[in-house]
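Below is one structure, written out as structure tokens; the observations come after it.
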Amino acid sequence: MAELRPSGAPGPTAPPAPGPNAPPAFASLFPPGLHAIYGECRRLYPDQPNPLQVTAIVKYWLGGPDPLDYVSMYRNVGSPSANIPEHWHYISFGLSDLYGDSRVHEFTGTDGPSGFGFELTFRLKRETGESAPPTWPAELMQGLARYVFQSENTFCSGDHVSWHSPLDNSESRIQHMLLTEDPQMQPVQTPFGVVTFLQIVGVCTEELHAAQQWNGQGILELLRTVPVAGGPWLITDMRRGETIFEIDPHLQQERVDKGIETDGSNLSGVSAKCAWDDLSRPPEDDEDSRSICIGTQPRRLSGKDTEQIRETLRRGLEINSKPVLPPINPQRQNGFTHDRAPSRKDSLESDSSTAIIPHELIRTRQLESVHLKFNQESGALIPLCLRGRLLHGRHFTYKSITGDMAITFVSTGVEGAFATEEHPYAAHGPWLQILLTEEFVEKMLEDLEDLTSPEEDRGLGPSRPP
């Protein structure tokens, strides 16, 4: 639950924001991480020292359901001469380390990220006559924060979020989100690390699909060029009834289609509902035909496989000149990377670390035939995988959201893969890699052109690439 009040209102857990000349004794009582972010807000909004704020009644660190302690809401006058309309500016507090005492985030030093390293922002077009900001964006931000805290996946500029529902629970066509750097908020150095600000941008379904097929940054740039679709500051207008492709039909063919043809897609993986079966051997048990057991331990992704799959997904927004699956580094342990504190559980790790099979005890198996299963949304990304990734010499990974399983498609130009032209199907524990030749990819694309399915799940039957 949350309540709405001015940020300067007294409360047991939310002291008023101190001014620049606050006495040292007062400032010492104010959480340092919170103080640092408030400082950036005061720089941007010096005339709004006590904005309206949605506050979690029971803080997350006291057992409450909302990870964000506060969401502040400012009135931004915009710049009509620059096609920037007046709007409400929402800023979260809680994804970064506000307190520095390990109540939420473990302190790991000042040089790295503070907490998850970012806070969320959102810009909503102000309606005529609207005197107070709507509070639904605060709940939207809480929902995204819950995902981050529960999965420990962080967001990056260019990421997309498939929401499949109007962001404000209305009849709006704005049903998904992209993320980008906030155009005004500058990174903040706090006593507990660096905080950047990622802005949520509401988009239509067709714009989300274009971001998936091409890349998020490219679609964000197109949105910036269309004032009614976001403009320079990417302000969300929930009343927008047309996509950028309906507003300017040339954008699809001249920008997106050419971008896909030239650049391919820089989306290298997704979390998805997927599964695979090894058809080259009989099932070992009734539940899992790929079950690998050592003693009495259940099948799990090893820490090193977890690290490589995680890096494969994390690097999805990087356009590399040479496609390489991230190498397994024996010096790294438990899937930790440079941009995440050692206290973070990797998002691809098993829930039970004691059940993880040592990496060295899992041999790579070459398979004769496999059966892949995707739900409808995941299956809809197969053309992207083929046309946008493999035909450009890259790779694409599906990571199951329901268990320790992953499927990576690789082309012949990808280094670091254990699937080869001689053995195109290879598995390392529950991680399957499939190497597809260019000839086979082109044939699959031809077959997929007329393929439609009303069913939730579709199995792609066994076939062996040439």
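Readers should treat all values here as calculations from the given coordinates under stated rules, not as data from a laboratory. A quick note: this is a predicted structure, and the numbers were derived from the prediction, not measured. Counting neighbours? That spans all protein chains shown, and the Cβs are built from the backbone with ideal geometry, glycine included.
Note the per residue figure in Å³ for the convex hull of the C-alpha positions in the range 187-227. If you can, show how the numbers build up before the last one.
Numbers: hull volume 4.1 nm³, N = 41.
Residue-normalised Cα hull volume stands at 100 Å³.
Using a ≥ b ≥ c from the Cα gyration tensor of the range 32-263 (square roots of the eigenvalues), is it rounded, prolate or oblate, where a/c under 1.5 gives rounded and otherwise the larger of a/b and b/c decides, a/b for prolate? Display every interim value, and only then the final one.
Working: a/c = 1.81, a/b = 1.49, b/c = 1.22.
Because a/c hits 1.5 or more and a/b exceeds b/c, the range 32-263 counts as prolate.
Just need the relative contact order of the range 32-263 here, percent rounded to a whole number, with Cα pairs under 8 Å and 6+ apart. Spell out each step's value before the answer.
Details: 444 pairs, mean separation 42.8, N = 232.
For the range 32-263, the relative contact order is 18 percent.
Summing Lys, Arg as +1 and Asp, Glu as -1, what charge do residues with Cβ under 11 Å from the Cβ of T243 carry, T243 excluded?
Working: positive: R173, R240; negative: E206, E207, E242, E246, D248.
Around T243, the charge tally is -3.
From the residues T154, H164, W136, which one has its Cα farthest along the dipole of the range 127-171 in the positive direction, the dipole being from +1 and -1 charges on Cβ of Lys/Arg and Asp/Glu about the Cα centre?
Working it through, the farthest residue towards the positive pole turns out to be T154.
Charges at C-beta only: +1 for Lys and Arg, -1 for Asp and Glu. How large is the resulting dipole of the range 32-263 about its Cα centre, in Debye rounded to 20?
Working: 15 positive and 30 negative charges, 110 e Å.
Magnitude of the dipole: close to 520 debye.
Applying the Karplus parametrisation 6.51 cos²θ - 1.76 cosθ + 1.60 with θ = phi - 60° to the phi angles of the range 421-436, what ³J(HN,Hα) value in whole Hz is obtained for each residue in order, glycine and proline being reported as x?
My calculation for the range 421-436 gives 4, 6, 10, x, 10, 9, 10, 10, x, x, 9, 9, 10, 10, 9, 10 Hz in order.
For a quick check: with amide H placed at 1.01 Å from N, whose amide H comes under 5 Å from E119's, ignoring anything fewer than 5 positions away on the same chain?
Distant-sequence amide H within range of E119: T196, F197, L198.
If you project the alpha carbons of the range 107-233 onto their three principal axes, what span does each projection cover, largest first, in Å?
Rounded to whole Å, the extents work out to 44, 39, 29 Å.
Compare the Cα positions of G393, Q376, A406 along the charge dipole of the range 367-423 (+1 at Cβ of Lys, Arg; -1 at Cβ of Asp, Glu; about the Cα centre) and return the one farthest towards the positive end.
The one lying farthest along the dipole's positive direction is Q376.
Can you list residues from other chains, or at least 5 along the same chain, whose modelled amide H is less than 5 Å from the amide H of E181?
The answer is Q199.
Starting from the Cα of T420, step 7 Å along the direction of its Cβ; do the same at V58; then give the gap between the two resulting points in nm.
5.8
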